[in-house]
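See below for the structure under consideration.
Laboratory data are not the source of any read-out in this text; all were calculated from the coordinates shown. Worth saying up front: this structure is predicted, and the values here are computed from it rather than measured. Here the Cβ positions follow ideal geometry from the backbone for every residue, glycine too, while neighbour counts run over all protein chains shown.
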Amino acid sequence: MLIDKQLLTFLVCPVTKAPLQIDNEKQELISTAAKLAYPVRDGIPVMLEDEARALTQDEFEAWHAKKSS
């Protein structure tokens, strides 16, 4: 696991202040509220909007569905 789940409870999207989800495969923290993916480098989340990438529509829909279930 990239990030301790307990730590994840304290991290929020810097843009929307919404909770984040972990994508271990891509090593990113996902904000469905902002439609952004924040990178995790060497186990450290990079919570800067400039460093985030925009989620594609397909990614957004997939993560939104996971969040809703």
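Relative to the present Cα-Cα distance, how much length would full extension add between Leu11 and Asp42 at 0.36 nm per residue of separation?
Length difference between fully extended and current span is 9.5 nm.
Is it possible to state the helix-based mean residue ellipticity at 222 nm for the chain, with each DSSP H run of 4+ residues giving -39500 (n - 2.57), the sum divided by total residues, to the nearest 500 deg cm²/dmol? What is it?
Computed ellipticity for the chain at 222 nm equals -6000 deg cm²/dmol.
Just order 61-67, 20-26 by mean Cβ neighbour count inside 10 Å, highest at the front, would you?
The peptides rank, most packed first, as 20-26, 61-67.
How fast does the chain diffuse by Stokes-Einstein, in µm²/s, taking the Kirkwood radius from C-alpha pairs at 20 °C and 1.002 mPa s?
On the way: Rh = 11.9 Å.
After rounding, the answer is 180 µm²/s.
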